[in-house]
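See below for the structure under consideration.
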Amino acid sequence: MAAGSTYTPIATTTLGSNQSSVTLSSLGGYTDLRIVLNLKITAGGFAIKPNSNGSSIYSVTNLRGNGTTASSTRLTTGDLGGTGLYLFNGSVSTSNFNTVTLDFLNYGNSTTYKTMLARFNNTDNFVGTTVGLMQSTTAITSLYFYCDGGGQLASGSSITAYGIQAA
């Protein structure tokens, strides 16, 4: 028997104007979740709050480089000046679009903490990866994407969610 599609499109949003945040909801009953973003931020940083949860339950480890210099950071919610899974902290180009893939593993499970893996690059030859932890056993039913520091998601940015079913 032929296998079905690996990724099932759940939702797509393309911004017609600058916005400080975007929420994806109705994420379905899949095993894993893949989010593909093509985004540009106008300033500041970029983060995600699963279920719009603003409590102090997040930590991230970032690795990034440009072929010449590499660096890493480890942040908990208190370090961020806000709450969420923080991806960019003013260290990416605000004049170019950035490609980001996010994987939320076992996002619907209600017995384990949630893990996010992110990979990103932009046209300034900057690449990186982020591992995020949400210390909550609550199933993820929505994702709130936002900018801080007065920044916005620029017009033309897009977010697409795909559900992945267990094999």
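The values are calculated or read from the model by the stated rules, or taken from the named source; none is laboratory data. Note that this is a predicted model, so its numbers are computed, not measured. For neighbour counting, all protein chains shown are included, and Cβ atoms are generated from backbone atoms with ideal geometry for every residue, glycine included.
Of the candidates 31, 61, the single residue that is under 18 Å from residue 130 (Cβ atoms) and surrounded by fewer than 16 Cβ atoms within 10 Å (Cβ to Cβ) is 61. Can we say residue 115 is of a type in the set (Val, Ile, Thr), free of Cβ contacts under 8 Å to residues at least 24 places away in the same chain and either surrounded by fewer than 15 Cβ atoms within 10 Å (Cβ to Cβ) or closer than 19 Å to residue 73 by Cβ (or both)? Yes; evaluated as a whole, the condition is true for this residue. For beta carbons closer than 6 Å, sequence separation of 6+ or different chains, a first residue in region 14-43 that is within 19 Å of residue 109 (Cβ to Cβ) and a second that is part of a strand (DSSP E or B) and small (Gly, Ala, Ser), the qualifying pairs are 24/11; 24/161; 25/142; 28/163; 30/163; 35/161.
Would you say residue 154 is of a type in the set (Gly, Ala, Ser), under 16 Å from residue 41 (Cβ atoms) and modelled with pLDDT of 85 or more?
Working: of a type in the set (Gly, Ala, Ser): yes; under 16 Å from residue 41 (Cβ atoms): yes; modelled with pLDDT of 85 or more: yes.
For residue 154, the condition - of a type in the set (Gly, Ala, Ser), under 16 Å from residue 41 (Cβ atoms) and modelled with pLDDT of 85 or more - is met.
Strands (runs of 3 or more DSSP E) fully within region 1-104 that include at least 2 residues being at pLDDT 85 or above and more than 16 Å from residue 127 (Cβ to Cβ): 7-14, 21-25, 32-39, 45-50, 58-65.
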